[in-house]
Structure formats: C-alpha cells, structure tokens
Amino acid sequence: MTRYAKEPENPNKTCKARGSYLRVHFKNTREAAKAIKGMHLRKAYRYLRDVIDKKQIIPFRRFNGGVGRKAQVKVHNWTQGRWPKKSAQFLLDLLKNAESN
C-alpha cells in the first residue's frame, strides 16, 4: 500500500484511488483533477460529464502556455481553459473506482 502525505480528517467519508501509467497527457489531467478537488462525488461526475459535452470548461492555471482564452472560463475567474475529453473520461473512471472501494 502507498503512503500518502496527508491522511483525511474523517476516513469514514473519504476514499482513495490512483492510476499508474495512464495513456493521457499529464498536464491536462493535472488541471482537471485540480478542478474537481474538494467537490462532492455527484458534483464531480456532473462537472466532468459537462466538460466532455463542452458545457463547462477546465481552467488551466499552471500549465497554460499556448492555451487559448475562452469566455466560459470567466466563471472560474480565469482567462485560459480547455475541454480535455480524454483526461475527463479517465478521471470519471477513476471516480467510479474510488466509489466502489
């Protein structure tokens, strides 16, 4: 088992999941994971499905070189964003795995 840097305050209400050697771009996945961090599970599901359908956007805050400006990202108080479909799909699968744990 892996050691994590921080243990959750309430282990009964939290779960952990991780993926290794995923065939997705790291930078896109990092930004998408950062966007859903701290969300409730159902809200994260809805958000990622909306990203796949291009109804909501992922703000690119750290790895934003060459990322175009979009009007949808004004909701997040940022100017640059994308809709990383493949990363969102992998994160949805990871959330389903975490939910079943």
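Laid out as a table, the results:
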quantity: Residue in the stretch 51-72 that is most open to solvent (accessible area, probe 1.4 Å), counting only those that are closer than 16 Å to Ala33 by Cα and touching a strand residue (DSSP E or B) at 6+ places or on another chain (Cβ under 9 Å); calculated: Arg61
quantity: Qualifying positions in the stretch 11-33 - over 16 Å from Leu92 (Cα atoms), open to solvent by 100 Å² or more (accessible area, probe 1.4 Å) and either assigned to a loop (DSSP other than H, G, I, E, B) or without any contact (Cβ under 8 Å) to a residue 24 or more places away in the chain (or both); calculated: Asn12, Lys13, Tyr21
quantity: The lone exception for Met39 - which of (1) over 19 Å from Val24 (Cα atoms); (2) part of a helix (DSSP H, G or I) it fails; calculated: (2)
quantity: Residue check for Arg46: open to solvent by 100 Å² or more (accessible area, probe 1.4 Å) and either of a type in the set (A, V, I, L, M) or farther than 27 Å from Thr79 by Cβ (or both); calculated: no
quantity: Qualifying residues in the stretch 73-101 (those that are of a type outside the set (A, V, I, L, M) and more than 17 Å from Thr29 (Cβ to Cβ)) - the one least open to solvent (accessible area, probe 1.4 Å); calculated: His76
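The values are calculated or read from the model by the stated rules, or taken from the named source; none is laboratory data. All values derive from a computational prediction rather than experimental measurement. As a convention, Cβ positions derive from the backbone with ideal geometry for all residues, glycine included, and neighbour counts pool all protein chains shown. Note: areas computed on protein heavy atoms with side chains; ligands, DNA, RNA excluded. Shrake-Rupley method; radii C 1.70, N 1.55, O 1.52, S 1.80 Å.
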